[in-house]
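**Student:** Following this message is one structure expressed as structure tokens.
The values are calculated or read from the model by the stated rules, or taken from the named source; none is laboratory data. None of the values given here were measured: they were computed from a predicted structure. No Cβ is skipped: glycine too gets one built from the backbone with ideal geometry, and neighbour counts run over all protein chains shown. Accessible surface areas use protein heavy atoms only, side chains included; no ligands, DNA or RNA. Shrake-Rupley method; radii C 1.70, N 1.55, O 1.52, S 1.80 Å.
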Amino acid sequence: MLEIRWEIILDFIYKTGKIMDLHNYSYSFLQNLNKMIPFYAANFFLFDENKELLDDPICYNINDSVLKAYNDYYWQLDDIRNLAFDQKEPIISTQLMDYKTWVNTEYFNDFLAKNRLYYSCGIDIHAEQRLLGTISLFRTNKDNNFTTNDLIYLKILAKHSSNHLKKLFEIEKLKNIHNKRKETLLINKANNFNLSNREKDVLKLILTGKTNEEIASELFISVNTVKKHLSHIFNKTEVHNRTELAAIVYR
């Protein structure tokens with residue numbers, strides 16, 4: 001019997017809708033989804049406009065070695081990926097594959113079963129015709145299979161997620177444009193003041209608010225060396241402190 005608990009869905013939408021950073025959204029999505037659709041493991045892939053993978057996927061209970069093994073070899077044996085990638089409807093692995101024969105394949109035995117990924121279900125998130133992300137959930141052979149109820153939840157959440165993800169992609173795009181302009185401005189100013197390459201490195205970190213100790217750690221130099229670079233930067237730019245330095249760079 002189908003049972004849709006709308007209060008849980010609304011709580012999920014509220015919690016994930018507060019996330020305003022694209023790279024934090026995926027993990028928050030999986031964390032909250034696990035309370036609604038229990039799973040053993042999961043991953044969330046994000047894609048750019050050319051359907052190319054955007055950064056590393058967010059994985060839940062899937063370690064780096066498993067992900068590397070998949071990316072290095074097993075992706076080409078993944079029949080579910082070939083059948084279900086970039087589709088608008090959620091799907092369960094048992095609806096796609098004949099398990100009587102599939103459990104005997106190299107991909108199932110050497111990768112899925114080895115990592116306790118027996119049942120799977122997933123959905124692709126679209127904004128109009130663009131693929132934004134792919135979510136895959138897994139359960140072990142000791143768990144119950146995914147249900148029609150789970151698919152309905154996924155479809156509802158994917159629709160709401162698409163609106164928020166689209167907004168986050170736009171925010172990320174604007175951030176990148178802003179950062180590129182900021183980087184260009186910084187390079188031009190540094191060149192105008194005849195800063196050395198190392199002084200440019202120090203200046204960049206100063207303007208992000210790093211302390212001398214943090215700059216030393218990041219550049220693998222001593223704090224005293226940082227202070228010397230900072231003194232040279234102040235002399236070349238004719239300022240007396242970090243506040244004046246930021247003002248003259250961004251003026």
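**Student:** Any idea which of Ser120, Ser136, Ser162 is touching a His at 6+ places or on another chain (Cβ under 9 Å) and modelled with pLDDT of 90 or more?
**Tutor:** After ruling out the rest, the residue left standing is Ser162.
**Student:** Kindly establish whether Ala69 is of a type in the set (Gly, Ala, Ser), under 30 Å from Met97 (Cα atoms) and touching a residue at least 60 places away in the same chain (Cβ under 8 Å).
**Tutor:** no
**Student:** Shifting gears a bit: In the stretch 46-64, which residues are without any contact (Cβ under 8 Å) to a residue 40 or more places away in the chain and either touching a strand residue (DSSP E or B) at 6+ places or on another chain (Cβ under 8 Å) or hydrophobic (A, V, I, L, M, F, W, C) (or both)?
**Tutor:** Within the stretch 46-64, Leu53, Leu54, Asp55, Pro57, Ile58, Cys59, Tyr60, Asn61 meet the criteria.
**Student:** Take the conditions open to solvent by less than 90 Å² (accessible area, probe 1.4 Å), of a type in the set (Phe, Trp, Tyr) and over 18 Å from the mean Cα position of the chain (by Cα) and apply them to Phe12. Does it pass?
**Tutor:** Answer is yes for this residue.
**Student:** From Ile58, Ile62, Ile4, grab the single residue that is over 16 Å from the mean Cα position of the chain (by Cα) and within 24 Å of Leu151 (Cα to Cα).
**Tutor:** Ile4
**Student:** Also, I was wondering about something else. In the stretch 223-240, which residue that is under 37 Å from the mean Cα position of the chain (by Cα) and of a type outside the set (Ser, Thr, Tyr) is most open to solvent (accessible area, probe 1.4 Å)?
**Tutor:** Lys227
**Student:** Please verify whether Glu244 is open to solvent by 80 Å² or more (accessible area, probe 1.4 Å), more than 30 Å from Asn32 (Cα to Cα), among the acidic types (Asp, Glu) and in contact with a helix residue (DSSP H, G or I) (Cβ under 9 Å, 6 or more places away or on another chain), treating the condition exactly as stated.
**Tutor:** In short, no.
**Student:** Those residues that are assigned to a loop (DSSP other than H, G, I, E, B) and within 11 Å of His232 (Cα to Cα), I need them from the stretch 186-207; list them, please.
**Tutor:** Once the filter is applied, which keeps residues that are assigned to a loop (DSSP other than H, G, I, E, B) and within 11 Å of His232 (Cα to Cα), the stretch 186-207 yields Phe193, Asn194, Leu195, Ser196.
**Student:** So, in the stretch 84-127, how many residues would count as being open to solvent by less than 40 Å² (accessible area, probe 1.4 Å), more than 30 Å from His164 (Cα to Cα) and assigned to a loop (DSSP other than H, G, I, E, B)?
**Tutor:** Residues flagged as open to solvent by less than 40 Å² (accessible area, probe 1.4 Å), more than 30 Å from His164 (Cα to Cα) and assigned to a loop (DSSP other than H, G, I, E, B) within the stretch 84-127 amount to 2.
**Student:** Shifting gears a bit: Name the residue that is least open to solvent (accessible area, probe 1.4 Å), counting only residues in the stretch 41-78 that are of a type in the set (Val, Ile, Thr) and not in a loop (DSSP other than H, G, I, E, B).
**Tutor:** Val66
**Student:** When you check Glu183 against the structure, is it in a helix (DSSP H, G or I), open to solvent by 20 Å² or more (accessible area, probe 1.4 Å), over 30 Å from Arg116 (Cβ atoms) and not aliphatic (A, V, I, L, M), yes or no?
**Tutor:** So Glu183 fits the description; yes.
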